[in-house]
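Okay, so here's the structure we're looking at.
The values are calculated or read from the model by the stated rules, or taken from the named source; none is laboratory data. None of these values were measured; they are calculated from a predicted model. Cβ coordinates were reconstructed from backbone atoms using ideal geometry, including for glycine residues, and neighbour counts include every protein chain displayed.
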Amino acid sequence: MNTLFKYEFKKIAKKRMNLVVVLVSLCLTLLLFVLPIKSYISLERDGSQVTGLAAIQLEREYAGELEGTLTEERVAKDIAAYQALFSKSENVIKDGNQLKLREDMFTRYVLPYYSYYKMIDDAFLEPQVTDNSLTVLRDLKPQEAATFYQARTDKVTSYLNMDFSDWTYSPQEKAFWNAKNSQVEAPYEYGYHAGWKSLFQCFELLIVSIIAICICVAPVFAGEYQTGADSVILSTRYGKSMLIRAKIMAAFLYGLLVFSVHLVLAAGIQLVAFGMDGWNLPLQILNVTIPYPFTMLEAALIWVGVLYSVLLGMIAVTLLLSAKMKTAFVVLVIDVLIVLLPVFLGLSGSNGILNHILMLLPYMAVQPVFPADYSSYFSYPLPGLTISIITMRVGLYVIIAVVSLPLIGRAFRRHQVQ
């Protein structure tokens, strides 16, 4: 068995086309994960723009000034400091019937801390309302400014009670998400976290490596049909037993190793450039409505688990198709359609049934739900049980992998030799 396994693994790993595919995939991953670093932009207080590592360092300095515990007293004080900017006539200009800060004042006193102010502002906004001008923050009354965490709770409740055109949350789902939110500890700790924010925004780019791995394992069985080797393999002593297991094991190990190299390269680039600072900060400083009580590091590790589950499921599907189809090209066409289907159909503006299906397909499944507004509130209600989108994705792809394993061998054994 070991000999067969080693032979099949080397057969996949040393294939010239696979070497080229993996090399191209690694280069793409390197490029895609370096670009956010090269294009990172920050502004000095005088309005001058800096990019790349210098901008990251500047962002670290700005965030360092805000480090600490976000008590409601501190939040109210920071809101009052922001509103005080509007009290001096020399700081503002007229924009219709409203006052807005002059550009130089905004650049000097607000822009360095914009993500912080935006996080606070979002807690007081109505669900599914976007306001990048911080208008709500400017107009808050002092008694309202002192209710940051209650405002966050009220916003979540309002969202769960919304009546979408094709979807509403059941009482069971509301109870589930309220229970999740009750585990989120307050007050939050705040600090520099740009590396983790960037990593969550880039995780989905690893779909490139999953597609590359599918290309490499697609010919594992179909390639034998194309070369005519299937007639020899299926007539040998171990052709219908050990060799099938060796092929499956080799494909999975190859996929895991290649993906791990991509993952280490991708995460390493981001965390070396941005630093690991903020690993112990709560996810809620990315978006106050996130219902998961995780730190940045915990969320990243959980998403790595999601990525690996999608990978295993896609390898299993690819091998099953390879065992059933006559050519690897057909396998790849079907794989690409499965992966990219959400791109063609697109998500609707609410939580409808179609969205719940599309959110489980590979292209969407690799996209983290943490920094997003409300995709983290996707759930799948069953009788007496509500499953979160994260659990559903992991469970689905693990089940696909487990169910596919016996079907792969069965399909290959029953193949009719031409």
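Miscellaneous remarks
- The set of residues from the stretch 260-303 being within 29 Å of residue 12 (Cα to Cα), crowded, with 17+ Cβ neighbours inside 10 Å and more than 16 Å from the chain's Cα centre (by Cα) comprises just one member, 269.
- The residues of the stretch 320-335 that are touching a helix residue (DSSP H, G or I) at 6+ places or on another chain (Cβ under 7 Å) and in contact (Cβ under 8 Å) with a residue 24 or more places away in the chain, listed by number, are 320, 321, 322, 323, 324, 325, 326, 327, 328, 331, 332, 335.
- Residue count for the stretch 86-122, restricted to those that are closer than 24 Å to residue 55 by Cβ and of a type outside the set (Asp, Glu): 18.
- Evaluation of residue 77 against (1) among the charged types (D, E, K, R); (2) under 23 Å from residue 277 (Cα atoms); (3) modelled with pLDDT of 90 or more (one fails), failing number: (2)
- Of all residues assigned to the stretch 3-18, none qualifies as being in contact (Cβ under 8 Å) with a residue 24 or more places away in the chain, surrounded by 12 or more Cβ atoms within 10 Å (Cβ to Cβ), farther than 30 Å from residue 242 by Cα and of a type in the set (Lys, Arg).
- Taking the criterion of being in contact with a Phe, Trp or Tyr (Cβ under 6 Å, 6 or more places away or on another chain) and either farther than 13 Å from residue 200 by Cα or without any contact (Cβ under 8 Å) to a residue 40 or more places away in the chain (or both), the residues of the stretch 261-277 that qualify are 269, 277.
- Qualifying residue in the stretch 310-331 (condition: crowded, with 19+ Cβ neighbours inside 10 Å, more than 14 Å from the chain's Cα centre (by Cα) and not in a helix (DSSP H, G or I)): yes
- Of the candidates 397, 380, the single residue that is modelled with pLDDT of 85 or more, over 22 Å from residue 286 (Cα atoms) and part of a helix (DSSP H, G or I) is 397.
- Hits in the stretch 7-43 - residues which are in contact with a helix residue (DSSP H, G or I) (Cβ under 7 Å, 6 or more places away or on another chain) and farther than 15 Å from residue 198 by Cα: 8, 9, 12, 13, 18, 21, 22, 25, 26, 28, 43
- Any hit, the stretch 7-22, residues being in contact with a Gly (Cβ under 7 Å, 6 or more places away or on another chain), under 29 Å from residue 200 (Cβ atoms) and assigned to a helix (DSSP H, G or I): no
- Any hit, the stretch 86-102, residues being part of a helix (DSSP H, G or I), within 34 Å of the chain's Cα centre (by Cα) and of a type in the set (A, V, I, L, M, F, W, C): no
- All conditions in (1) at pLDDT 85 or above; (2) assigned to a helix (DSSP H, G or I) hold for residue 369, with the sole exception of (2).
- Summed over the stretch 167-210, residues that are buried (at least 20 other Cβ atoms within 10 Å of the Cβ), under 30 Å from residue 27 (Cβ atoms) and of a type in the set (A, V, I, L, M) total 5.
- Filter result for residue 66 (modelled with pLDDT under 95, assigned to a loop (DSSP other than H, G, I, E, B), of a type in the set (A, V, I, L, M, F, W, C) and over 30 Å from residue 260 (Cβ atoms)): yes
- Selection of the stretch 328-363 for residues being modelled with pLDDT under 85 and within 17 Å of residue 220 (Cβ to Cβ) yields only 328.
- Identity of the residue in the stretch 149-191, under 20 Å from residue 285 (Cβ atoms), small (Gly, Ala, Ser) and under 24 Å from the mean Cα position of the chain (by Cα), that ends up modelled with the lowest pLDDT: 182
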